[in-house]
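Note sheet for the following structure.
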Amino acid sequence: MRSKLVAGNWKMHGSLSGNQGLLQAVRDGVKGNAAVAVCVPYPYLAQARAVLEGGSVAWGAQDVSEHAQGAFTGEVSGAMLVDFGCRYVLVGHSERRSFYGDTDAVVAAKFTAALKAGLTPVLCVGESLAEREAGTTGEVVTRQIDAVLSSSGVAAFSSAVVAYEPVWAIGTGRTASPAQAQEVHALIRQRFARDSAEVASGLQILYGGSVKPGNAKELFGQPDIDGGLIGGASLVAEDFLAICAAA
């Protein structure tokens, strides 16, 4: 059985004072065998490390530069994230793709950079509402995965995580039904199995799209859903811990 992973994505939320109680509550409240991580904005990485270091909760960042170093003002390299003790980093989140123009090629380059730095990239893939209604979900998700496979190869995913995040279900209150989510997760695993049955079998595939305490158990109970990438609910300790317990 694949282990479960629950990762909280804080997006652009937080403050030093507010974070302290949230991080402490998560640190002290996580029980069970599921792996748990929080991906916080860059300015709060030092705080996350100070509160979480030595415990069972890992921390990470929400993006990484495709460049190792150089004249790239405003960018943050993988090595810099490692300096702050990060284990995970999100790459290709739908908001990076849609708001900041991260193309499939850029996402593939960021994935490679994360691995080279010793980070575990969480590759985010997913379709818009228009793409789902057009019946092209499989085509879109496969294209996004293929871009990374072409660049890094399937073996790289032995040290990576995939998160399926239907764009139409992020922050909208809409959630893919367990059956809808499972269908795409199975498709993702089948795509990897074409290149390596071993990698596909061990790959953690998370669901991200308005996961809440009330729906987490049923979602995580699907055979190909290995945990969640949690947005808004990760900002409320009680909700996030309930989701972790469901895993």
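Derivation of every value follows stated rules applied to the coordinates shown; laboratory data play no part. Every value quoted in this text rests on a predicted model; they were computed, and no experiment measured them. Cβ sites come from the backbone with ideal geometry, for glycine too, and all protein chains shown count toward neighbours.
Where q = 0.08, 0.12, 0.15 Å⁻¹, what log10 of I(q)/I(0) comes from the Debye formula for the chain, counting one point per Cα? After summing over all Cα pairs, the log10 values are -0.27, -0.62, -1.02.
A cut-off of 5 Å between modelled amide H atoms, ignoring neighbours fewer than 5 places along the same chain, links Ala37 with Val6, Ala7, Gly8, Ala58. Excluding same-chain neighbours fewer than eight residues apart, the lysines reachable from Lys11 by a Cα-Cα span under 19 Å are Lys110, Lys212.
Using the Karplus relation 6.51 cos²θ - 1.76 cosθ + 1.60 with θ = phi - 60°, the per-residue 3J(HN,Hα) values for the stretch 197-208 come to 5, 5, 5, 4, 5, x, 5, 7, 10, 9, 9, x Hz, with x marking Gly and Pro. Ordering His93, His67, His185 by the number of other Cβ atoms within 10 Å of each residue's own Cβ, fewest first, gives His67, His185, His93. For the stretch 91-101, putting each phi into the Karplus relation 6.51 cos²θ - 1.76 cosθ + 1.60 with θ = phi - 60° gives couplings of 9, x, 4, 4, 6, 5, 5, 7, 8, 10, x Hz, in residue order, rounded to whole numbers and with x for Gly and Pro.
For Leu90, the residues 5 or more places off, or on other chains, whose built amide H falls under 5 Å of its own are Ala61, Gln62, Asp63, Val122. Full extension of the chain between Thr172 and Lys116 yields a length gain of 16.7 nm, computed as 0.36 nm times the residue separation minus the alpha carbon distance. Neighbour counts of other C-beta atoms within 10 Å: give me Arg49, Arg194 arranged from fewest to most. Listed from fewest to most nearby Cβ atoms, that is Arg194, Arg49.
If the cut-off is 21 Å between C-alpha atoms, which lysines fall inside it for Lys217, apart from same-chain ones fewer than 8 positions away? Straight-line reach from Lys217, under 21 Å: Lys4, Lys31. The distance separating the Cα centre of the stretch 96-154 from that of the stretch 40-81 comes to 20 Å.
For the stretch 57-66, backbone phi angles converted through the Karplus equation (6.51, -1.76, 1.60; θ = phi - 60°) give residue-by-residue couplings of 8, 8, 9, x, 10, 9, 6, 8, 6, 6 Hz, Gly and Pro being listed as x. Within the listed set Gln180, Gln144, Gln62, the residue fluctuating most in the Gaussian network model of the chain (springs between alpha-carbon atoms under 10 angstrom) is Gln180. Remark: the stretch 89-247 carries a charge dipole of roughly 220 debye about the Cα centre, counting +1 on each Lys and Arg Cβ and -1 on each Asp and Glu Cβ.
Arranged from fewest to most other beta-carbon atoms within 10 Å of their beta carbon, Arg96, Arg143 become Arg143, Arg96. For the pair Ser196 and Glu75, the difference between a 0.36 nm per residue extended length and the Cα-Cα distance amounts to 40.2 nm.
Which value, in debye to the nearest 20, describes the size of the charge dipole of the stretch 55-116 about its Cα centre when Lys and Arg Cβ atoms bear +1, Asp and Glu Cβ atoms bear -1, and nothing else is charged? Dipole about the Cα centre, nearest 20: 140 debye. Candidates Ser150, Phe84, Asn215 compared by Cα position along the dipole of the stretch 5-246: farthest toward the positive end lies Phe84, with charges placed on Cβ.
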